[in-house]
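Engineer: Before we start, here is the structure in question, set down as structure tokens.
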Amino acid sequence: MNTSRASWRNTTHDWASGVDIEHLAHIRQNPDMFAPGGVPHLILEVVAYAADEAESNNGGHCTITLHPDGSVSVADDGRGTDTRLDEHGQPVRKPIMASKDLRFFDAPDAQPLLDGHPRRGMSVVAALSEWLVHTNRRRGGAWTQRYEHGIPDSDLVSITDDGTTGTAVHFRPDEHLIAASGAWATELLRFAGSWGMLSVNVDDRRTP
């Protein structure tokens, strides 16, 4: 049955919050705090969610693709980001891009990522990216949406259900983060073998 999002239980994010403008602005004003080391940290923030899915499903896989234009995509084979129908029958996806992760963002002892820096959540990636496209496939539906610095630039659009499940996040970090990151693909490959139940493949399509 369709129900009001205000009645939905919050676990990782506040379903009722939608787009938290102040939260996103805070991240953008402090890039060194929320993306230490630049692009690799943003990638680890995304892969951490794929690792969560793998832990829940007794294993999983994701592919990190480094594109020639400086963008990065991370695609996994998990359950797909939680998406529900509200009381009006409209699909609502958990606002992981535009609101804070309730588990980590304000936690003084936030879980560290593999680079040793605290995990803060997917909103860090969205806020510090020129654009980001979030596509998720679940049993019974599939949707995509584009963001600019964490602000939705399109509606949540239903796409053809191909029978698979998973989440794909394609983003282009802010230019200054790309410039500050230096040579880091080797480091990323080292991290790729350290995710427990998640197997990771790195596809580097950039010009050598």
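Values in this text are rule-based calculations from the coordinates and carry no lab data. All values derive from a computational prediction rather than experimental measurement. Every residue, glycine among them, receives a Cβ derived from its backbone with ideal geometry; neighbour counts consider all protein chains shown.
Engineer: Most fluctuating residue of 25, 54, 142 in a GNM of the chain with Cα springs under 10 Å: which is it?
Structural biologist: Between 25, 54, 142, it is 25 that shows the largest mean-square fluctuation.
Engineer: I need the P(r) histogram for region 14-95: all alpha carbon pairs, bin width 5 Å from 0 out to the longest distance, whole percents.
Structural biologist: The distribution over region 14-95 is 3, 12, 15, 17, 21, 19, 10, 3, 0, given as percents.
Engineer: Okay, moving on. Arrange 11, 63 by Cβ neighbour counts within 10 Å, fewest through most, would you? Intermediate values should be presented prior to the final figure.
Structural biologist: On the way: 11 11, 63 16.
The most exposed by this proxy come first: 11, 63.
Engineer: Could you line up 122, 197 from fewest to most neighbouring Cβ atoms inside 10 Å? Numbers along the way, then the final one.
Structural biologist: On the way: 122 29, 197 15.
With the sparsest Cβ surroundings first, the list reads 197, 122.
Engineer: A further question on this structure: Placing unit charges on C-beta atoms (Lys and Arg positive, Asp and Glu negative, everything else neutral), compute the dipole magnitude of the chain about its Cα centre in debye, rounded to 20.
Structural biologist: Details: 19 positive and 29 negative charges, 74 e Å.
Computed about the Cα centre, the dipole is about 360 debye.
Engineer: Label point 7 Å out from residue 90 along Cα-to-Cβ: which residues of region 135-155 have amide N under 17 Å?
Structural biologist: 143-146, 152-155
Engineer: Just 157, 47, 133 to compare: in a GNM of the chain, with alpha carbon springs under 10 Å, which one fluctuates most?
Structural biologist: Sorting by GNM fluctuation, first place goes to 157.
Engineer: Another one. Cα centroids of region 83-111 and region 1-70: how far apart, whole angstrom?
Structural biologist: After rounding, the separation between the Cα centres reads 9 Å.
Engineer: Sticking with this one: With a ≥ b ≥ c taken as the square roots of the eigenvalues of the C-alpha gyration tensor of region 56-159, please select rounded if a/c is under 1.5 and otherwise prolate if a/b is larger than b/c or oblate if it is not?
Structural biologist: Rounded, since a/c falls under 1.5.
Engineer: In region 22-40, whose amide N lies under 19 Å from the spot 7 Å out along Cα-to-Cβ of residue 106? List them in ranges.
Structural biologist: The answer is 22-30, 34.
Engineer: Can you list the trypsin sites (Lys or Arg not before Pro) in region 77-148 that are in a DSSP coil and have 11 or fewer other beta carbons within 10 angstrom?
Structural biologist: Values: sites: 79, 84, 93, 100, 103, 119, 120, 137, 138, 139, 146; in loops: 79, 100, 103, 119, 120, 139.
In loop regions of region 77-148 (DSSP not H, G, I, E or B), the sparsely surrounded trypsin sites (Lys or Arg not before Pro) are 139.
Engineer: Run through all the Cα pairs of region 145-208 and give the fraction in each 5 Å bin from 0, expressed as whole percent.
Structural biologist: Percent of pairs per bin, in order: 3, 10, 15, 19, 18, 18, 13, 4.
Engineer: I want the local charge near residue 185. Using Cβ-Cβ distances under 15 Å, sum +1 for each Lys or Arg and -1 for each Asp or Glu among the other residues. Don't skip to the end; give the middle numbers.
Structural biologist: Details: positive: 190, 205, 206; negative: 115, 187, 203, 204.
Every neighbour counted, the sum reads -1.
Engineer: Express the C-alpha Rg of region 17-204 as a ratio against the empirical globular expectation 2.2 N^0.38 Å, rounded to two decimals.
Structural biologist: Details: Rg = 15.6 Å, N = 188, 2.2 N^0.38 = 16.1 Å.
That ratio works out to 0.97.
Engineer: Please report the relative contact order for the chain, taking Cα pairs under 8 Å with a sequence separation of at least 6, and give it as a percent rounded to a whole number.
Structural biologist: On the way: 428 pairs, mean separation 57.2, N = 208.
This gives 27 percent for the chain.
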